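Here the structure comes first, spelled out in structure tokens, and everything after it is commentary.
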Amino acid sequence: MKILEMVKEAKTIGITGHVRPDGDCIGASLALYLYLQKNLPEVRVDVFLDTPPPFFACLQGFEAIINDGKSDIKEYDIFFALDAPQNRLGKAENLFKKAKTRINIDHHVSNDGDGDINIMQPEAAATCELLYSLLDFPDELDADIAKAIYIGIAHDTGVFRYGSMTPKTFEIIAALMKYDFDFAQILNDTYFERTYVQHQILGRALLESIVFMDGRCIVSCLSRRTLDFYHVGSGDFEGIVNRLLATKGVECAIFMYQTRGHEYKVSLRSQGVVDVAEIAGCFGGGGHVRAAGVTMKGTFHDVVNIISSRIEAQLDSRKNVG
Ligand code: AMP
Ligand code: MN
Ligand code: MN
């Protein structure tokens, strides 16, 4: 079923994505918002997301994003959750739960689907790729919608580099590039350019990283004290864990930062042998086989010990099989 078929009776539509929204989540939410407005001008469409990093202001619809999860509508006819399961929706979770029809569109292997309609495709490189395949008129987009989808796919594939890319993904990118937007500049503005602070904390994370398990694992942790010293914001960690993973010989990378007291946000990345979604899932998180996240309680050593024992168990069992 395509998007316009799903929403054909609706007068009010809500859209949201996961907390700490990334390029895919923001791109998909705004692309869907713009697409619905374009095709159904008489329908009220609201988009709810945590405050995104400011460089995403280059996307049309950015100023319409509602950050506080508040609305005068209590029960939307349709509510979309994009790139996330229900328990990661943050402030809009309640609006999603109360909606008459809930639609969940996601590519995370850890998401079983929480909606009345669930479109789960773990093989899609990005939720934006999946969303594109659900548009009724993919040939009749406009530059703003194309740009939002392009950003989402670019960000979730490390700019078209990950193994999740398929010929279909490249075909979609080729179709999007026919629209009139500056596809090189937008990647520079939203992906490659780093603030001074971001470079400093990347430097700290690399400098203080530790390799273990004969160099197959790497971990780095930034304490609350360090983050406060540099005045780091939540979007400033993007890319650090991938740089750790790019260390020669490393199979699995762990990057963590202290959210408060004995609590850490943990990012896991794998070259493919270790399934990090499975490990994050054991502690209430999730993600993909090669990229997953979770928030964990304990000291730095507690968290590293418990995660590395799971990594070791997976590496050992693979070795026995192989
Ligand atoms: P991150 O390490 O935060 O960049 O996340 C890596 C991947 O795992 C992304 O696709 C996230 O959407 C997903 N992810 C991160 N944290 C969680 C979580 N607590 N539950 C489910 N998926 C997550
Ligand atoms: Mn995401
Ligand atoms: Mn995604």
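The values are calculated or read from the model by the stated rules, or taken from the named source; none is laboratory data. The structure displayed is predicted, hence computed values, not measured ones. Virtual Cβ from ideal backbone geometry, glycine too; neighbours counted across all protein chains shown. Side chains are part of the model used for accessible areas, which takes the heavy atoms of the whole protein and leaves out ligands, DNA and RNA. Shrake-Rupley method; radii C 1.70, N 1.55, O 1.52, S 1.80 Å.
Observations on the structure shown:
- Flag for Ile65 being on the phi < 0 side of the Ramachandran plot and crowded, with 19+ Cβ neighbours inside 10 Å: yes
- Residue within region 252-264 that is farther than 24 Å from Gly287 by Cα and out of contact with any Leu (no Cβ under 6 Å at 6 or more places or on another chain) present: yes
- So Ala154, is it away from ligand 1 (no atom under 12 Å from the Cβ) and of a type outside the set (Asp, Glu): yes
- Within the span defined as region 132-154, every residue fails to be touching a strand residue (DSSP E or B) at 6+ places or on another chain (Cβ under 9 Å) and either within 16 Å of ligand 2 (Cβ to nearest atom) or under 23 Å from Cys58 (Cβ atoms) (or both).
- Matching residues in region 167-193 - criterion: being in contact (Cβ under 8 Å) with a residue 40 or more places away in the chain and among the polar types (S, T, N, Q): Thr169, Thr190
- Close pairs (8 angstrom Cβ cut-off, 6 or more residues apart or separate chains): farther than 20 Å from Lys2 by Cα and among the small types (Gly, Ala, Ser) in region 20-36, in a helix (DSSP H, G or I) and within 11 Å of ligand 1 (Cβ to nearest atom) anywhere: Gly23/His155; Gly23/Asp156
- Just one residue in the set Gly115, Gly90 is of a type outside the set (Val, Ile, Thr) and either at positive phi or open to solvent by 30 Å² or more (accessible area, probe 1.4 Å) (or both); that residue is Gly90.
- Wholly within region 207-288, strands (runs of 3 or more DSSP E) carrying at least 3 residues that are more than 17 Å from the chain's Cα centre (by Cα): 210-212, 217-222, 252-260
Here's the yes/no breakdown for (1) under 15 Å from the mean Cα position of the chain (by Cα); (2) away from ligand 1 (no atom under 16 Å from the Cβ); (3) of a type outside the set (Phe, Trp, Tyr):
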| position | (1), (2), (3) |
| --- | --- |
| Val19 | yes, no, yes |
| Asp24 | yes, no, yes |
| Ser29 | yes, no, yes |
| Tyr33 | no, yes, no |
| Gln37 | no, yes, yes |
| Glu42 | no, yes, yes |
| Leu49 | yes, no, yes |
| Pro52 | yes, no, yes |
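- Meets criteria (modelled with pLDDT of 95 or more, of a type in the set (A, V, I, L, M) and under 17 Å from Asn305 (Cα atoms)) for Ile218: yes
- Region 35-51, subset crowded, with 24+ Cβ neighbours inside 10 Å and more than 14 Å from ligand 3 (Cβ to nearest atom), residue farthest from Ile78 (Cα to Cα): Tyr35
- Of all residues in region 274-296, those satisfying the criterion of being of a type in the set (D, E, K, R) and either surrounded by fewer than 14 Cβ atoms within 10 Å (Cβ to Cβ) or farther than 23 Å from Ser234 by Cα (or both) are Asp275, Glu278.
- Counting the residues of region 93-110 that are within 16 Å of ligand 3 (Cβ to nearest atom), charged (D, E, K, R) and open to solvent by 10 Å² or more (accessible area, probe 1.4 Å) gives 0.
- Of all residues making up region 176-192, the number that are more than 11 Å from Ala143 (Cα to Cα) and open to solvent by less than 30 Å² (accessible area, probe 1.4 Å): 3
- In region 156-175, the residues that are within 16 Å of ligand 2 (Cβ to nearest atom), surrounded by 14 or more Cβ atoms within 10 Å (Cβ to Cβ) and not in a helix (DSSP H, G or I): Thr157, Gly158, Tyr162, Ser164
- Considering each residue of region 85-106 in turn, none proves to be within 27 Å of Asp182 (Cβ to Cβ), in contact with a strand residue (DSSP E or B) (Cβ under 8 Å, 6 or more places away or on another chain) and either at pLDDT below 95 or more than 14 Å from ligand 2 (Cβ to nearest atom) (or both).
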